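Undergrad: The structure is given below, and queries will be raised subsequently.
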DNA sequence: CGTACATTTGATCCACTTCAAACTCGGTGG
DNA sequence: CCACCGAGTTTGAAGTGGATCAAATGTACG
């Protein structure tokens, strides 16, 4: 299989930290690259020390230099309103790419902060760009990732402008569930890495409203909640309640839309 | 004084319709390309017959084949909720690129419809991709355009989840004003290409609310409105009211964020 | 010049926010 | 080992911004 020799200088941390052996590679940047190309990508990626909960990966206004792939843990992205309050724009789970919206600025337009202990792969953007010059598949994958984020953003706009509180929370939970599933975790039982406050901020709701909807869902036996632990008891109804399916958010674009 | 006509750079269509002579090229895809490269880009671009008001450029679910640059007129993008109502996700003015969020689907995830008589440049995506293989500047420009859209989307999320009705409308008007200005039109006097209904849909407000805010602004002598004609009387206060500056939405990323 | 549609205005209603207070839980130090 | 603290969460009560309903006015266009 891998004809290439292991690159020199892989000690303690870096030993296992290679794209070829990474269980997330099929969801991440290396997708659709062949082994040699993955190896090239590997060489420009730095594995950083884990971030502790609450630490920033980067701050709005920092010089834009790298994009990052989450390896474990989770992050939130947020921007600041001019009154100084934060608006969370995204949560990131393992395999997801962070920082792509800084490409045409010299600085990151958003901040990224760890919700728990989190490890990331650091990818210097200029080197990624240079590599993409030679690897059409990598280029395409970058575009795919960005256009997927664009589509997710449109779904989020729809949520914020058309859905009521229950639909928002149902959408949020079922979306998380699908993402966990894709990453090999249970789709029915998981731990929310973010606080109620952060959920509310993200969904455009007051904390109290989020809390109330959680209890309502619990009473309706849709879910069972214990602090941050969530069990989904009735997935069908939850998705039904969520309203619209997040087409393309969880699954690759099969022939879903073809039916239309 | 009435707003000038949109001079997308064409009288008899195909003859004048070349990127090199197009007045929009500095805002559009050719930005930062040299003359030769522009010429190459030119060759893959098709100029279509103008769309009439209400016609679709493409529909959600159509096979994804091309991206489009608006040359004159304007478009709206929208997605359908599963109840069949539309959610407008964007309005597009001349020089703006449409359809990039379809890249990783086989189909367009949104619809694009003309708000008025509109001409576009049609760019077959596979050919664009092939060309981008040889032109790093073009590649970068594509990334820039997409990442700019990502940033605009985050701003929109902030608007939808944190701003009240007046702030939303003020943001909307001042944002349009800046975009018109960049394109060489008056920033103080312009014609809204969309209906009140569409504004409300886009901003997550009921039509009635939009209308009320317009009259309130008019009474406060912030703006003067006559149907779709808008005069901005007090730009400073309007921007003040809009709350947060759309950093990067209108201007290229100067050293705005550096101050932080 | 009249019909259909878009916009405006007024009156009422309601989902969510806000304010206030109790409760839970993980951690910490006496 | 347990009392205590503070942040996060839940619950209750009251207030409100914008939605909805209804109707009048304005406007485009065949």
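The values are calculated or read from the model by the stated rules, or taken from the named source; none is laboratory data. Note that the structure is predicted; figures quoted are calculated from it, not measured. In this analysis, Cβ positions are derived from the backbone assuming ideal geometry, glycine residues included, and neighbour counts consider all displayed protein chains.
Undergrad: Out of the residues in the stretch B:89-107 meeting the condition of being farther than 30 Å from residue A:133 by Cβ and at the interface with chain A (Cβ under 9 Å from one of its Cβ atoms), tell me which one is farthest from the chain's Cα centre (by Cα).
TA: Residue satisfying both the conditions and the ranking: B:89.
Undergrad: Has the stretch A:108-121 got at least one residue that is within 21 Å of residue A:17 (Cα to Cα) and within 10 Å of chain B (Cβ to nearest Cβ)?
TA: no
Undergrad: Inspect all residues belonging to the stretch A:208-228 and state whether any of them is within 14 Å of chain B (Cβ to nearest Cβ) and in a helix (DSSP H, G or I).
TA: yes
Undergrad: Further question on the same structure: Just one of the numbered conditions (1) within 30 Å of residue A:163 (Cα to Cα); (2) modelled with pLDDT of 95 or more is not true of residue B:222; which one?
TA: (1)
Undergrad: In addition: When you check residue A:147 against the structure, is it more than 16 Å from the chain's Cα centre (by Cα), without any contact (Cβ under 8 Å) to a residue 40 or more places away in the chain, at the interface with chain B (Cβ under 9 Å from one of its Cβ atoms) and crowded, with 18+ Cβ neighbours inside 10 Å, yes or no?
TA: Answer is no for this residue.
Undergrad: Oh, and also: For the stretch A:35-42, state whether one or more residues are out of contact with any helix residue (DSSP H, G or I) (no Cβ under 9 Å at 6 or more places or on another chain) and at pLDDT 90 or above.
TA: Yes, there is a match, as at least one residue in the stretch A:35-42 is out of contact with any helix residue (DSSP H, G or I) (no Cβ under 9 Å at 6 or more places or on another chain) and at pLDDT 90 or above.
Undergrad: Select the helices (runs of 4 or more DSSP H) contained entirely in the stretch A:91-194, then report the ones holding at least 2 residues which are outside the structural domain of residue A:27 (by the TED database).
TA: Where helices (runs of 4 or more DSSP H) fall fully within the stretch A:91-194 and carry at least 2 residues being outside the structural domain of residue A:27 (by the TED database), they are A:136-162, A:165-182.
Undergrad: While we're on this one: Which one is surrounded by the most Cβ atoms within 10 Å (Cβ to Cβ), of the residues in the stretch B:108-125 that are touching a helix residue (DSSP H, G or I) at 6+ places or on another chain (Cβ under 7 Å) and closer than 24 Å to residue B:85 by Cβ?
TA: The extreme case among them is B:109.
Undergrad: Now a separate question. Go through the stretch A:168-190 and report how many residues are more than 30 Å from residue A:25 (Cβ to Cβ) and either in contact with a strand residue (DSSP E or B) (Cβ under 6 Å, 6 or more places away or on another chain) or away from DNA strand D (no atom under 13 Å from the Cβ) (or both).
TA: The qualifying residues number 2.
Undergrad: Checking the condition within 27 Å of residue B:189 (Cβ to Cβ), modelled with pLDDT under 90 and surrounded by 15 or more Cβ atoms within 10 Å (Cβ to Cβ), which residue from B:75, B:51, B:6 passes?
TA: Only one candidate qualifies: B:6.
Undergrad: (1) touching a residue at least 12 places away in the same chain (Cβ under 8 Å); (2) touching a strand residue (DSSP E or B) at 6+ places or on another chain (Cβ under 9 Å); (3) under 22 Å from residue A:78 (Cα atoms); (4) buried (at least 21 other Cβ atoms within 10 Å of the Cβ): which one isn't true of residue A:217, the others all being true?
TA: (3)
Undergrad: Restricting attention to the stretch B:66-88, report how many residues are more than 7 Å from every other protein chain (Cβ to nearest Cβ) and assigned to a strand (DSSP E or B).
TA: 14
Undergrad: How many residues are within 14 Å of another protein chain (Cβ to nearest Cβ), more than 10 Å from DNA strand D (Cβ to nearest atom) and out of contact with any helix residue (DSSP H, G or I) (no Cβ under 7 Å at 6 or more places or on another chain) when one looks only at the stretch A:191-207?
TA: Going through the stretch A:191-207 one residue at a time, the tally reaches 2.
Undergrad: Pairs only if they're at least six apart or on different chains, beta carbon under 8 angstrom, first in the stretch B:192-208 and under 24 Å from residue B:181 (Cα atoms), second in a loop (DSSP other than H, G, I, E, B) and near DNA strand C (Cβ under 10 Å from one of its atoms); list them, first residue then second.
TA: B:192/B:228; B:193/B:228; B:199/B:192; B:200/B:206; B:202/B:194
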